[in-house]
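The values are calculated or read from the model by the stated rules, or taken from the named source; none is laboratory data. Only a predicted model underlies this, so the values are computations on that prediction, with no experimental measurement involved. Cβ: placed from backbone, ideal geometry, glycine included. Neighbour counts: every protein chain shown. Side chains are part of the model used for accessible areas, which takes the heavy atoms of the whole protein and leaves out ligands, DNA and RNA. Shrake-Rupley method; radii C 1.70, N 1.55, O 1.52, S 1.80 Å.
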Amino acid sequence: MIQVIARSAAKAGVIGFSMALAKEVAAYGIHVNWVSPGSIETRNLSYTSQEAFDEDARTTGLGRWGKPEEVAYMVRFLAPDEANYLTGQNFHVCGLQNLPL
């Protein structure tokens, strides 16, 4: 339970900081955007069974875990000058999981 509270507080802090930073530096032509990954399949996942792993994957709207390269695609989208009018935005790469609907 404490881990969830600490992670939620940290994430809210990063989002608030990023929004404030975007406002502070926009006049200098600096863009601040951030990516919030949802359930992404990484080596750090630890499940007691394949069934638990599969059940968590089913909780996303797309019914599967995301891949690390899918997060990288979003970062790559934000990097070039074509994304020049985007700032102060949080981009969810989450397969429709944990979105405030």
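Values as computed for the structure displayed
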{"read-out": "Residue 43 vs. criteria modelled with pLDDT of 85 or more and over 12 Å from the mean Cα position of the chain (by Cα)", "value": "no"}
{"read-out": "Answer residue from the stretch 25-40, given it is of a type outside the set (A, V, I, L, M) and under 22 Å from the mean Cα position of the chain (by Cα) and is farthest from residue 87 (Cα to Cα) among those", "value": "39"}
{"read-out": "Some residue of the stretch 85-94 being in a helix (DSSP H, G or I) and either open to solvent by less than 60 Å² (accessible area, probe 1.4 Å) or of a type outside the set (Phe, Trp, Tyr) (or both)", "value": "no"}
{"read-out": "Flag for residue 5 being touching a residue at least 60 places away in the same chain (Cβ under 8 Å) and not polar (S, T, N, Q)", "value": "no"}
{"read-out": "Filtered residue count, the stretch 47-75, keeping only those that are in a helix (DSSP H, G or I) and either in contact (Cβ under 8 Å) with a residue 24 or more places away in the chain or of a type in the set (Phe, Trp, Tyr) (or both)", "value": "7"}
{"read-out": "Residue list for the stretch 22-57, filter: hydroxyl-bearing (Ser, Thr, Tyr) and open to solvent by less than 70 Å² (accessible area, probe 1.4 Å)", "value": "36, 39, 42, 49"}
